[in-house]
Amino acid sequence: MNEQIRAREVRLVGPEGEQVGIVPLERALQLAADVDLDLVEVAPMARPPVCKLMDFGKFKYESALKAREARRNQQQTVIKEMKLRPKIDPHDYATKKGHVVRFLKQGDKVKVTIMFRGREQSRPELGYRLLTRLSDEVAELGVVESAPKQDGRNMIMVLAPTRKPVLKPTKGDEDGYEGGDVDETVADVTDEVVPEA
């Protein structure tokens with residue numbers, strides 16, 4: 001930037017993006033001073049280097065704003081883990097499956113791990129059957145992103161959500177009221193005339 005540029009001549013680009021041409025560095029610095037802008041090297045590896053006339057402070061501010069906006073719009077993927085055993089009780093399985101369903105509804109990926117101990121390691125088909133059963137039961141909420149595979153004493157499968165996460169209710173939505181029908185209901189009640197007895 002400005003005096004830090006070491007090249008003898010530069011390819012100059014004007015403040016509006018117009019090509020000025022190849023000029024000596026001193027002339028480029030003089031042009032930048034005349035229009036009260038900075039001379040910024042945008043392509044230092046080019047021959048000759050490409051420099052642009054711009055307000056560097058404004059450029060840094062706008063790029064920081066763009067980066068912040070990009071981070072705000074970025075989807076954060078969270079991987080939740082659920083650990084099971086091959087000989088899991090049916091009620092425990094139902095509880096763990098409920099957690100997997102909840103995670104998938106929230107839009108999180110789920111890593112399901114079957115832990116084998118002792119002699120169970122010689123029966124990996126039990127774990128494979130359990131993982132395929134789980135993936136079949138939650139098929140409407142999640143798809144298998146990583147098929148079941150043996151990893152030492154564990155068998156791992158990753159499930160990804162199939163649709164957008166369900167938004168958590170905001171304040172005022174807790175009672176389930178969706179609005180829109182109140183005026184019609186009030187109008188029906190107020191239009192009704194009750195004859196006096």
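Numbers below:
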{"item": "Residue check, D55 under 18 Å from E145 (Cβ atoms) and either β-branched (V, I, T) or surrounded by 11 or more Cβ atoms within 10 Å (Cβ to Cβ) (or both)", "result": "no"}
{"item": "Unique residue being in a helix (DSSP H, G or I) and surrounded by fewer than 17 Cβ atoms within 10 Å (Cβ to Cβ) when the list is A147, A94", "result": "A94"}
{"item": "Pairs, first under 13 Å from L159 (Cα atoms) in region 96-107, second part of a helix (DSSP H, G or I) and hydrophobic (A, V, I, L, M, F, W, C), C-beta under 7 Å, six or more apart", "result": "K97/L134; V100/L134"}
{"item": "Residues (acidic (D, E) and modelled with pLDDT of 90 or more) located in region 82-128", "result": "D89, D92, E125"}
{"item": "Test: residue in region 89-99 that is among the small types (G, A, S) and over 19 Å from the mean Cα position of the chain (by Cα)", "result": "yes"}
{"item": "Region 8-52: number of residues that are surrounded by fewer than 17 Cβ atoms within 10 Å (Cβ to Cβ) and assigned to a loop (DSSP other than H, G, I, E, B)", "result": "13"}
{"item": "Residue, surrounded by the most Cβ atoms within 10 Å (Cβ to Cβ), within region 58-87, restricted to residues that are assigned to a loop (DSSP other than H, G, I, E, B) and out of contact with any helix residue (DSSP H, G or I) (no Cβ under 7 Å at 6 or more places or on another chain)", "result": "R85"}
{"item": "Residues (crowded, with 18+ Cβ neighbours inside 10 Å, more than 30 Å from Q74 (Cα to Cα) and touching a Gly at 6+ places or on another chain (Cβ under 9 Å)) located in region 107-129", "result": "I114, F116"}
{"item": "Filter result for R8 (basic (K, R) and at pLDDT below 80)", "result": "yes"}
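Every residue, every condition in (1) open to solvent by less than 100 Å² (accessible area, probe 1.4 Å); (2) modelled with pLDDT of 85 or more; (3) within 21 Å of F103 (Cα to Cα); (4) not in a loop (DSSP other than H, G, I, E, B), yes or no:
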position: R133; (1), (2), (3), (4): no, yes, yes, yes
position: D136; (1), (2), (3), (4): no, yes, yes, yes
position: A139; (1), (2), (3), (4): yes, yes, yes, no
position: V143; (1), (2), (3), (4): yes, yes, yes, yes
position: Y177; (1), (2), (3), (4): no, no, no, no
position: V186; (1), (2), (3), (4): yes, no, no, yes
position: E196; (1), (2), (3), (4): no, no, no, no
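The values are calculated or read from the model by the stated rules, or taken from the named source; none is laboratory data. All values derive from a computational prediction rather than experimental measurement. Cβ: placed from backbone, ideal geometry, glycine included. Neighbour counts: every protein chain shown. Heads up: the accessible areas ignore ligands, DNA and RNA and are worked out on the full protein's heavy atoms, side chains in. Shrake-Rupley method; radii C 1.70, N 1.55, O 1.52, S 1.80 Å.
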